[in-house]
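Below: one structure, written as structure tokens.
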Amino acid sequence: MSDLDEGGALRVVPAADERELADWRAVHNAIVPTAVLSAGEVRERAGRNRLEVAYLGGVAVGCSTVRPPDGETPAATVIARTLPEYRRRGFGTALYERGLAHARTLSAEGVETVVLASNEEGLRFALARGFTEVERYLLPGDTIPFVTLRMA
């Protein structure tokens with residue numbers, strides 16, 4: 001049984017104000033330490049993507065990104081991140097399902113996700129939800145690849 005099943009009060013909100021953007025950034029940077037984002041980069045992403053933060057009480061426990069299709073990728077991209085100490089409680093699933101519902105309104109071409117290859121739990125999460133690997137790539141200067149997965 002998850003914390004959500006037991007009445008845990010997960011609250012998911014758009015990352016709109018400076019506190020929420022900072023919380024989104026902190027979760028992202030903890031989970032993706034190879035691609036740390038600045039406050040300015042997060043503000044820029046918030047202008048083109050849907051960013052949300054998940055709170056348990058007053059503590060940020062996860063965040064999500066939904067990227068609309070663009071010239072390079074006809075699929076919408078959904079990324080759900082949960083801090084390791086809050087995993088396996090239903091929070092990632094809640095973030096993912098919200099993001100997936102929104103992504104489906106953006107693209108008839110499918111849904112993708114991106115996971116840092118060293119995040120084995122994140123890869124298992126995506127594979128368990130029907131995603132299959134389509135690409136691995138390195139950002140300039142990185143040694144750990146990102147994995148792009150597409151919903152089968």
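The values are calculated or read from the model by the stated rules, or taken from the named source; none is laboratory data. These numbers come from a predicted model, not from an experiment. With ideal geometry, Cβ positions are generated from the backbone for all residues, glycine too; neighbour counts draw on all protein chains shown. Calculation scope for accessible area: heavy atoms of the full protein, side chains included, ligands and nucleic acids excluded. Shrake-Rupley method; radii C 1.70, N 1.55, O 1.52, S 1.80 Å.
The table for this structure:
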| read-out | value |
| --- | --- |
| Members of the range 16-74 found to be closer than 18 Å to Val115 by Cβ, modelled with pLDDT of 95 or more and touching an Asp or Glu at 6+ places or on another chain (Cβ under 6 Å), listed by number | Ser64 |
| Matching entry among Arg45, Arg25, Arg67 (being within 25 Å of Glu120 (Cα to Cα), touching a Leu at 6+ places or on another chain (Cβ under 7 Å) and of a type outside the set (S, T, N, Q)) | Arg25 |
| One residue from Arg104, Arg150, Arg88 being within 16 Å of the chain's Cα centre (by Cα), of a type outside the set (Ser, Thr, Tyr), modelled with pLDDT of 95 or more and over 23 Å from Val36 (Cα atoms) | Arg150 |
| Given (1) under 13 Å from the mean Cα position of the chain (by Cα); (2) open to solvent by 30 Å² or more (accessible area, probe 1.4 Å); (3) closer than 24 Å to Asp142 by Cα, index of the condition Val27 fails | (2) |
| Positions within the range 46-58 being loosely packed, with under 11 Cβ neighbours inside 10 Å and either in contact with a helix residue (DSSP H, G or I) (Cβ under 6 Å, 6 or more places away or on another chain) or under 24 Å from Arg88 (Cα atoms) (or both), in sequence order | Gly57, Gly58 |
| Complete set of residues in the range 111-148 that are of a type in the set (Ser, Thr, Tyr) and part of a strand (DSSP E or B) | Thr113, Thr132, Tyr137, Thr148 |
| Flag if Arg98 is touching an Asp or Glu at 6+ places or on another chain (Cβ under 6 Å) and either farther than 29 Å from Thr143 by Cα or open to solvent by 60 Å² or more (accessible area, probe 1.4 Å) (or both) | no |
| Selection from the range 115-152 of residues that are under 17 Å from Pro69 (Cα atoms) and open to solvent by less than 20 Å² (accessible area, probe 1.4 Å) | Thr148, Leu149 |
